[in-house]
Amino acid sequence: MTETEEKTQHTCSGQNCLCHGAGPLLSEFVRRMGPPEGAKRHFDAARVEFLKGVRAMIDARIEDLSQSEPKGTKLNVE
């Protein structure tokens, strides 16, 4: 019995299951078609860094908006 067939038996009850074993097979196919683990780690790290950049831009904009602007000019009256 292959590993895929074992997974099918453990997660699907065969005839009682609506997918008739296709669900676990499809999941295994999708898992194998994905990027290798090394590439996936790089993509995950890149996503985190991108989100940190977006957060830094939002923080800078909030800082700009929360600074109070002078409402007038001070004049010396003689």
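The values are calculated or read from the model by the stated rules, or taken from the named source; none is laboratory data. Everything numeric in this text was worked out from a predicted model, so none of it was measured. Glycine also receives a Cβ, built like all others from the backbone with ideal geometry; neighbour counts cover every protein chain displayed.
Do we find that L18 is in contact with a Lys or Arg (Cβ under 9 Å, 6 or more places away or on another chain) and hydrophobic (A, V, I, L, M, F, W, C) in this structure? Considered against the rule, which asks whether it is in contact with a Lys or Arg (Cβ under 9 Å, 6 or more places away or on another chain) and hydrophobic (A, V, I, L, M, F, W, C), L18 comes out as no. What single numbered condition from (1) modelled with pLDDT under 80; (2) surrounded by fewer than 10 Cβ atoms within 10 Å (Cβ to Cβ); (3) assigned to a helix (DSSP H, G or I) fails to hold for E6? Unmet for E6, out of (1) modelled with pLDDT under 80; (2) surrounded by fewer than 10 Cβ atoms within 10 Å (Cβ to Cβ); (3) assigned to a helix (DSSP H, G or I): (2).
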